[in-house]
1. Whole-Hz ³J(HN,Hα) for each residue in region 344-355, computed from phi via Karplus 6.51 cos²θ - 1.76 cosθ + 1.60 with θ = phi - 60°, x for glycine and proline: what do you get?
2. Would you mind telling me the antiparallel percentage of the DSSP bridges in the chain, rounded to 5?
3. Shape of the chain from its Cα gyration tensor (a ≥ b ≥ c, root eigenvalues): rounded if a/c is under 1.5, otherwise prolate when a/b > b/c, or oblate?
4. Multiply the residue gap between Arg329 and Ser15 by 0.36 nm, knock off their C-alpha separation, and tell me the result in nm, one decimal place.
5. Specify which residue in the list Ala51, His109, Val312 is farthest towards the positive end of the charge dipole of the chain, using unit charges on the beta carbon of Lys, Arg (+1) and Asp, Glu (-1), about the Cα centre.
6. To the nearest 0.05, what FRET efficiency results for Asp305 and Tyr121 with a Förster distance of 60 Å applied to their C-beta separation?
7. A 28 angstrom limit on the alpha carbon distance is what I want to check against. Which of Lys347/Lys422; Lys294/Lys450; Lys60/Lys174; Lys275/Lys358; Lys160/Lys233; Lys311/Lys358 exceed it?
8. For region 254-442, what relative contact order do you get, as a whole percent, if you take Cα pairs closer than 8 Å and at least 6 residues apart?
Amino acid sequence: MYETLALYIDGEFLSGDGRDTEEVTNPATLEVLGRLPHARKADLDRALAAANRAFESWRKSSPMLRSEILRKAAQLSRDRAQEIGRNMTMDQGKPLAESVGEVMSCADHADWHAEECRRIYGRVIPPRSPEVRQMVLREPIGVCAAFTPWNFPYNQAIRKICAAIGAGCTIILKGPEDAPSAVMAIARIFHDAGLPPGVLNIVWGVPSEISDYLIRSPIVRKVSFTGSVPVGKQLAALAGAHMKRVTMELGGHSPVLVFDDADVDRAAKQLARFKVRNAGQVCVSPTRFYVHEKIYDQFLSSFIDTLKSIKVGDGLEPDTQMGPLAHARRVPTMEKFVDNARSLGGKVVLGGERLGEKGHFFSPTVVTDLPEDSMLMTEEPFGPIAPVVRFNDTDDVIRRANSLPFGLSSYVFTNSLQTATKVSNGIEAGMVNINHFGSALPETPFGGIKDSGIGSEGGMETFDGYLVTKFVTHI
Ligand code: NAD
């Protein structure tokens, strides 16, 4: 049984009533899983009114109550992880172990927000005269509109929801129409955890129509989006025109720097497995591989051997290590990246093609000897394709790593403390991982710079985007 799909507005699950619907399909089997109702304008108005009304009481709620509800949501996520994971694999495609792992890690996100929301402190500023008091208060910003994508449907939604409601805000969230079960499950979890009606509202529909309507509404005070750079810029521009706060978690093109003093086999094996995680549809996926010329052949051979051993298939099969791409449109996109590299002299040394007749499968792919201005080296492939090129100078590779307008994550493999320090100081990225993959934990900030976004989620920064500062002075 797949998830029952509905809107969730003012504490009610709504569907039918002549609303438009869209088909949700399984990317591995193309089976139709269900029909998702679209919000009408009246539904959006109802969600706005509910979020606005609920804000009046939720903003005054005790942080202890918010914490208790977030803790319950964490526990329910753990209790339901198998079922939620199975549905997520069916509509998104990733292997079951990855789906269940995503839900379990999100339980930790909810727990961590439950802790931190009890510690949203202001401060007292020493006055110039003894009879004056000066205080800085941090208050919830108001009603938030959030838009989350399909690649980590549970994670990206719950991070925004926990930060908003932990801060005392209310939220209307539009989840990914093509992989909606995870966000539906989150709505049920918060409903069952006792979140008051209107604090969380879930809507679906045509993404551009919904975002346009919600961002323009004077009720909405904050916009949070995870997705591609072009859409993020469009939504940030609209939010800016209406003077609304934004958090933008956008695309990346993470450089990987493997130095000649690294543990080469370990780096190659770990990078290969990390590259195919979620079929490469990860904003922090290792994307451009710069490998020192002295260890280039050794790295490439070990990297390719590990990728060859990856079992690609339906995510519900127990031995699958990489599932299909999430949509039909992603397969021709992968082909375009590979064709462009080939046309510029690149060598496809592994994969490079669609797999099988049915489902949106694409093989793990490695391309070498391609120019720095090829599509693969400059645009986010968002799939299981790795371009690998050589370098021989540290300053030069840092310059090449910083040459794109993105700045999300980056990966460095070296056993030299001096090199690690030089690269982490020089690299323009929101996250630098040295000799391991350590981002996206609840307690650490996750976010990009340059075109990759504005603001951070997680870490002690998580509530910053959801709070306003008020200065109070009295005598
Ligand atoms: P896309 O830009 O069309 O959509 C990305 C997400 O944004 C989807 O969930 C979509 O529903 C939503 N969206 C699109 N237009 C919107 C609008 N006007 N208002 C509100 N939401 C809107 O891209 P896609 O084909 O779905 O995915 C491919 C690209 O998206 C990738 O190349 C990658 O760069 C990016 N992406 C990034 C992330 C991330 O985690 N940063 C996640 C998913 C996709």
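Read the figures in this text as sums done on the coordinates, not as results from a lab. No experiment lies behind these values; they were computed from the predicted model shown. Ideal geometry is used to build each Cβ from the backbone, glycine not excepted, and the neighbour counts take in all protein chains shown.
1. Per-residue couplings from phi come out as 9, x, x, 10, 8, 9, 8, x, x, 8, 4, 10 Hz.
2. Details: 28 of 68 bridges.
Here the antiparallel bridges make up roughly 40 percent for the chain.
3. oblate
4. Between Arg329 and Ser15, full extension yields an extra 110.3 nm.
5. Final value for the positive-end residue is Ala51.
6. Numbers: r = 52 Å, r/R0 = 0.87.
So the FRET efficiency works out to roughly 0.70.
7. Lys347/Lys422; Lys294/Lys450
8. Reported as a whole number, the value is 26 percent.
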